[in-house]
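Comments concern the structure below.
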Amino acid sequence: EVMERNGMNHHSKTQIGFSLNTLSMSISQTSPVISPGRRAGAGPLSRYDAIREAQRANSAEWQYESSVGAALPILTTLRDLLQTGDEVQRLRGCVSGTMAYVFRTMDENTPFSEAVRQAMEKDFTENDVREDLSGYDATRKIVVLARELGLNVSMEDVEVESLLPDDIRNKEYEGDTEAMRAAVIEDLKALDGPMLERWREARRDDRELRYKFVIDVATGKCSCKLSAVDSKDTLYRLRNNENLVAFETTRYTTSPLIVKGAAAGPELAAAGIFADLLRLGRAFSTSQT
């Protein structure tokens, strides 16, 4: 847990990094909170609702922009659309930097497991890359977005495609982080052939593999799966360090509003947290005028 004096007044603290109990307590005490993680925003719905209720009751600031897309203004854009009266009908895109890198990198000469190893080396992945490859991390981000849209969605409600067989997903790896990562990569080599065949099949149809999510507001359905997208899809030209969210709304009917850019790596995550801190500073300055 990291707690920093925010200089707003002598008894106020901004909390960055916390236990979930600390978050609830801080909001109840009207302390501003920044939560770059997704355990609160995508955790059990009852707990999320309780945190939101405490936030409203105490007029507390809770910033978590960096929990989806690092420094990209994805949640800010979504709130702006909703607060200006637009009606969001559908969100789609890719919110996994690891998946973006892997499927932009793998080809006939670069196996799936090698692309994953490179993503690890660049520090694009979670500490346990299986959270990325199982879709677990992307699912948490989808739940955060869906709840921002007012949908009562939980992790188990998202239709998600895991790229991992159960034996790898549930395996107990021994050793330190480096040893575990090396062992995972060794096991992933068994997937090189099947993933290459999916890549070839997509290429035969002039398509690209992308790990694509969709949130349909009307039906409340959320999904995330490996898709072969054509050149008309906004994900077709997704670069290897990017996230992308396309907002289909009543206002943006002929062409979706798109937020796209680099979102993988610790530097961008840190920039997103710092931006949240600046938002709190601006909010406090406004309240004092």
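The values are calculated or read from the model by the stated rules, or taken from the named source; none is laboratory data. Here the structure is a predicted model, which means the values were calculated and not measured. A quick note on method: Cβ atoms are made from the backbone with ideal geometry, for glycine too, and the neighbour counts reach across all protein chains shown. Ligands, DNA and RNA are excluded from the accessible area calculation, which covers all protein heavy atoms including side chains. Shrake-Rupley method; radii C 1.70, N 1.55, O 1.52, S 1.80 Å.
For region 135-289, relative contact order (Cα pairs under 8 Å, six or more residues apart, normalised by length) works out to 17 percent. Shown for the chain are the DSSP H helices of 30 Å or more along their axis, judged by Cα atoms, with a mean Kyte-Doolittle hydropathy of at least -1.0: 266-287. A 1.4 Å probe run over region 169-260, with the rest of the protein chains in place, finds 57 Å² accessible per residue.
Nonpolar atom fraction for the chain, defined as the carbon and sulfur part of the 1.4 Å probe accessible area, stands at 46 percent. Think of it as helices only: each DSSP H run of n ≥ 4 in the chain is worth -39500 (n - 2.57), and spread over all residues that comes to -12500 deg cm²/dmol at 222 nm. Applying a DSSP loop filter and a limit of 11 other Cβ atoms within 10 Å to the trypsin sites (Lys or Arg not before Pro) in region 111-147 leaves nothing.
Recomputing Cα Rg over 2.2 N^0.38 Å from the coordinates shown identifies the correct label among (1) 1.80; (2) 1.04; (3) 0.92 as (2). Residue separation of Tyr173 and Asn152 scaled by 0.36 nm, minus their Cα-Cα distance, works out to 4.1 nm of gained length.
Out of region 156-192, which GluC sites (Glu not before Pro) are coil in DSSP terms and have no more than 11 other C-beta atoms within 10 Å?
Passing both the DSSP loop test and the Cβ count: Glu172, Glu174.
With R₀ fixed at 25 Å, the C-beta to C-beta distance from Leu278 to Ile258 puts the FRET efficiency at about 0.55. Can you compute the FRET efficiency between Glu267 and Arg90 using 1/(1 + (r/R0)^6), with r the Cβ-Cβ distance and R0 = 25 Å? Round to the nearest 0.05. Rounded to the nearest 0.05, the efficiency is 0.20.
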